[in-house]
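Please read the structure below before turning to the comments.
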Amino acid sequence: MLTVFDSLRGLELIPVIFRVFLSMICGSIIGLERSAKNRPAGFRTHALVCVGAAAASMTGHYLYLGMGIPADVTRMGAQIITGLGFLGAGTILVTKNKKVKGLTTAAGLWTTGIIGLSIGAGFYEGGIICTVLVLVTELLLSWLVNGLKRDSEITVRVVYTKKNALDQMMRYCKDKNLSIKRLQVNSHGDNSMYHADVLLHAPWNAHPDELIKHIYTIDGIHSVEQVTSGAHV
């Protein structure tokens, strides 16, 4: 441990003030990054979570060390960690594209609370180091993740007059490593024309334009179009 913090590890007024302000600063720094990205939980939320967790940690220690009450100093901290799980769940959203957003914010809130607990317990080194690592994760690693080439989903709407046209299309998709995740087929009133919505899982190097051009060449295909995100079945 750093000896510079030794005089601030007690429960006197100055160490308590230092812990509260340090927890507010660490929470605010993490929250600023979230606010800059317009996330549901931002600057104030992270600051309050960190300060509240620090206060809970200090309260547990004060009851045991300051007032001599035979209390478990870790009990309040454990409840904070559990409660933050419910708070973080409120930041998790499922979009109309069936994508989950807010997991990083929820994890950041949970980690911020634990940082507050460590600062409240006088473990300043751990709180500061974790704050730096959270920022590295949210800032630097996000660039790395955004630069990764990922598989995607393509939704194709096909109108065709021959039933085997759809079979040929599905066979071509499999040859191109496009896995079919969902298929919905409907027919018109006179059963002379059919239309199908096909949701495909495509590798990162797939070219939707080439897929559509090839489908057009299949005998019996009347029309084909790529459906925008959120409009697929």
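The values are calculated or read from the model by the stated rules, or taken from the named source; none is laboratory data. Small disclaimer: the values here were computed from a predicted structure and weren't measured. As a convention, Cβ positions derive from the backbone with ideal geometry for all residues, glycine included, and neighbour counts pool all protein chains shown.
Restricting attention to the stretch 129-152, does a residue exist that is among the aliphatic types (A, V, I, L, M), more than 30 Å from Asp197 (Cβ to Cβ), part of a loop (DSSP other than H, G, I, E, B) and not assigned by TED's automatic domain parsing to the domain that holds Asn186?
No, the stretch 129-152 contains no residue that is among the aliphatic types (A, V, I, L, M), more than 30 Å from Asp197 (Cβ to Cβ), part of a loop (DSSP other than H, G, I, E, B) and not assigned by TED's automatic domain parsing to the domain that holds Asn186.
Could you look through the stretch 27-52, keep only residues that are touching a Leu at 6+ places or on another chain (Cβ under 9 Å) and without any contact (Cβ under 8 Å) to a residue 60 or more places away in the chain, and pick out the one that is farthest from Thr104 (Cα to Cα)?
Per the criteria, the residue is Phe43.
Somewhere in the stretch 31-43, is a residue part of a helix (DSSP H, G or I) and more than 18 Å from Gly88 (Cα to Cα)?
Yes: the stretch 31-43 contains one or more residues that are part of a helix (DSSP H, G or I) and more than 18 Å from Gly88 (Cα to Cα).
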